[in-house]
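Read through the structure below, which is laid out as structure tokens, and then see the notes.
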Amino acid sequence: MPPPALGSPGSGNVTGIAAAPRPADAGQESALWAGLVGTGDAQVFAQSWLAIQCRLIPAVAGGIVLLRSERDGNFAPAAVWPDVRRDMRYLTPVAQRALTERRGFAMPRPGEGGATGGHYAAWPVQAVGLLQGVVVLDLALRPEAELQAALRQLHWGASGLELLFTRDAVAKMNARRERLQGVLEVVAAGAVQGRFSAAAMAIANELATRLRCDRVSIGLYRGRKLRIDAVSHSAQFKERTNLMRAAAAAMEEATDQAVTVAFPPVGTGTPAVSRAHEALMQGHGTGACLTVPLMAGRRASGAITLERPAERPFDAETLEICEAVAGLAGPMLDVHRREDQWLLGRAVEKSGDTLRKLFGPRHAGLKLGAIVLVAVLAFMTLAKGTFRVSSNTLLEPLVQQAAVAPFDGYIREAPARAGDTVKQGAVLARLDDRELRLERLKWMSQEEEYAKQFRQAMADRNPAQVQIVTAQLEQARAQAARVNDQLQRTTVATPFDGIVVSGDLTQQLGAPVEKGKVLFEVAPLASFRLVIKVDERDIAYVKPGQRGSLLLSAFPETAMSFTVTQVTPVSDPKDGRNTFRVEGELAGAAEARLRPGMQGVGKVEIGNARYLWIWTREVTDWLRLAAWKWLP
């Protein structure tokens, strides 16, 4: 039974080896070496190479070279030695093993009676990272040293085949690099232009020149309509001519299918509908036409149509170049076109794109966002909530009494200071009373002296003197009473239970004070009023009797209720804002932890209104004022 055939490189299989190319003439060694140098054909090269190797290695009974096919990846015979008519399939298992193990080896060949009849030598050919083929030789029986020498010769000789594939890969790489360089130059010709029309014309001219086309047309979509924007080597053209209509139809045919369309077809790929291309070719004398869609993201933004005469149809290499140009030029031309539009045109196009995404396939996130937005707008338009006016709020005492200096004097003692909680009658400060005591002694002495003079005048029965002394005695008594009153007022005390709002004399002991100077301010802790600084835009909504809620910065976790008691007509311009003073009263008894001067945010409840108006009223009012200001 014959051994199995070989196939793909992964399994080490090759196609049948019965049919092989005709071997080169073994007697013409110079011709064999010339075949290595002067040919680029892999089979001719392999045949010459195998013949030379079999001449360099003694006692070779036969040999075969299997090379990988670029078309399907299978390994097929490329050279057989010495006679093509000889059946070499008995080397199939050795080739399969070398391909599978990817290494060179020598193994005995069974002979008659179970003895070793010779050797098989195999060596895989690897180049540019791929397994390119395998060489198998049928060697006569020889010592181990000679067998190893033959294997080394095969190893070194395999580098010739590797050089063939490396040279071919380098040539393909150079060709690919040249094509890429050409593609970049075509796209660069359009990228350096500042306007869309100039960029499209530059790309069309470059493609027509480099690819030797009779005509190259570039068209982009405006909404759902495709319009031709540039025709190679034509500064002006009419879009409504039959030729331009046929070219536009060909472009739409390619963009609708989102594939490159060529007529006549190129290659053996999946055929595309090309009726419009056939009509363009037959109706306008075009020998061959090719249309490549221009993509911007996932959508086709336009197309490029190339036309050639019949003797130069499009090939796979040209198609690859055109697709590479379209891939780079599509987004660039689309951006150029958008930037050249007026602002209104951009807005309309952007809106159209958004609507197409919204009502077209995919873009689930956009659709979900639109549904949420519609739901929010519907809720804001239909639902109602409590409209509140928010403003900064200050806590002030309802009553605030000043403790003043009763007369000119000096500070002797000042135990209280701002922030202290005091009881009624508590000492705030004391004035020095030494001079007052001396003055009281003086007037008491004068009173005793005038009393003696009064008794003497009464004894002398002198009425005139009695009147004079009586007046002097009353004056002395009055002065003494005045001094006693001042002595009683040297102590400044608080009139009620409360807190010292302002005043600190601890650093002014012994300092003089003038009569009537405010030493302390005391406020009660049980009664407060709120001062709400309402912006002038909202003052029209606030009225006495409305209720509200307050959150103080010191106690943000506790909301307190209040009632508006008064709206004052006095404004307070500050920091670029104009506010009005609105007073309110806390509901219920004031908490013990409240202190005058605390600040927070108060909200006055005005009434029910739609959420849309509540959240947009400030912007709406600003727009109204701006329109009123700028409109004639």
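The values are calculated or read from the model by the stated rules, or taken from the named source; none is laboratory data. The shown structure was predicted, so the numbers you read here are calculated from the model rather than taken from an experiment. When we count neighbours, we look across all protein chains shown, and the Cβ atoms used for this are built from the backbone with ideal geometry, even at glycine. All accessible areas refer to the heavy atoms of the entire protein, side chains included, with ligands and DNA or RNA removed. Shrake-Rupley method; radii C 1.70, N 1.55, O 1.52, S 1.80 Å.
Amide H to amide H under 5 Å from Thr565: which residues, 5+ apart in sequence or cross-chain, H placed 1.01 Å off N in plane?
Gly545, Glu583, Gly584, Glu585
In whole Å, what is the distance between the alpha-carbon centres of region 315-345 and region 461-528?
Between the Cα centres of region 315-345 and region 461-528 lies a distance of 98 Å.
Out of region 141-205, which trypsin sites (Lys or Arg not before Pro) are coil in DSSP terms and have no more than 13 other C-beta atoms within 10 Å? Numbers along the way, then the final one.
On the way: sites: Arg152, Arg167, Lys172, Arg176, Arg177, Arg179, Arg195; in loops: Arg195.
The qualifying sites are Arg195.
If you roll a 1.4 Å probe over the heavy atoms of the protein chains, what accessible area per residue do you get for the chain, in Å²?
That works out to 57 Å² per residue.
Report the local net charge at Ala106: Lys and Arg +1, Asp and Glu -1, summed over other residues whose C-beta lies under 11 Å from its C-beta. Mind dumping the intermediate values first?
On the way: positive: Arg109, Arg142, Arg152; negative: Glu144, Glu146.
Counting the neighbours of Ala106, the net charge comes to +1.
Contact order normalised by length for the chain, with contacts defined as Cα pairs under 8 Å and 6 or more residues apart; what percent is it?
That works out to 9 percent.
For region 569-618, state which trypsin sites (Lys or Arg not before Pro) are in a DSSP loop and have at most 12 other beta carbons lying within 10 Å of their beta carbon.
Hits after loop and neighbour filter: Arg593.
Tell me the carbon and sulfur percent of the accessible area for region 221-357, rounded to whole percent, probe radius 1.4 Å.
Numbers: 4120 of 7540 Å².
About 55 percent, which is the carbon plus sulfur part of the accessible surface.
Quick one, which of (i) 66; (ii) 26; (iii) 23 is the actual percent of Cα pairs over 44 Å apart calculated for this model?
Label (i) holds the value from this structure.
Expressed as a whole number of Å, what is the distance separating the alpha-carbon centroids of region 60-119 and region 286-304?
One Cα centre to the other: 50 Å.
Helix 463-488 versus the longest principal axis of the chain: what is the Cα-based angle in degrees, 0 to 90, to the nearest 10?
Approximately 20 degrees, to the nearest 10.
Just list whichever of Lys543/Lys574; Lys423/Lys515; Lys423/Lys603; Lys574/Lys603; Lys225/Lys357 have alpha carbons separated by over 28 Å in the model shown. Working shown, then result.
Values: Lys543/Lys574 23 Å; Lys423/Lys515 25 Å; Lys423/Lys603 34 Å; Lys574/Lys603 21 Å; Lys225/Lys357 17 Å.
Violating the 28 Å Cα-Cα cut-off are Lys423/Lys603.
What whole-number distance in Å separates the alpha-carbon centres of region 537-585 and region 192-250?
If you average the Cα positions of each part, the centres end up 69 Å apart.
Out of Phe454, Thr421, Ile411, whose Cα points farthest toward the positive end of the dipole of region 407-459 (charges: +1 Lys, Arg; -1 Asp, Glu; placed on Cβ)?
Comparing the listed Cα positions along the dipole, Thr421 ranks first.
Determine the order of Trp630, Trp81, Trp49 by accessible area, beginning with the largest, at a probe radius of 1.4 Å.
Trp630, Trp81, Trp49
In region 499-549, what percent of the accessible surface is made up of carbon and sulfur (1.4 Å probe, ligands and nucleic acids excluded)?
Percent of accessible area from carbon and sulfur atoms in region 499-549: 50.
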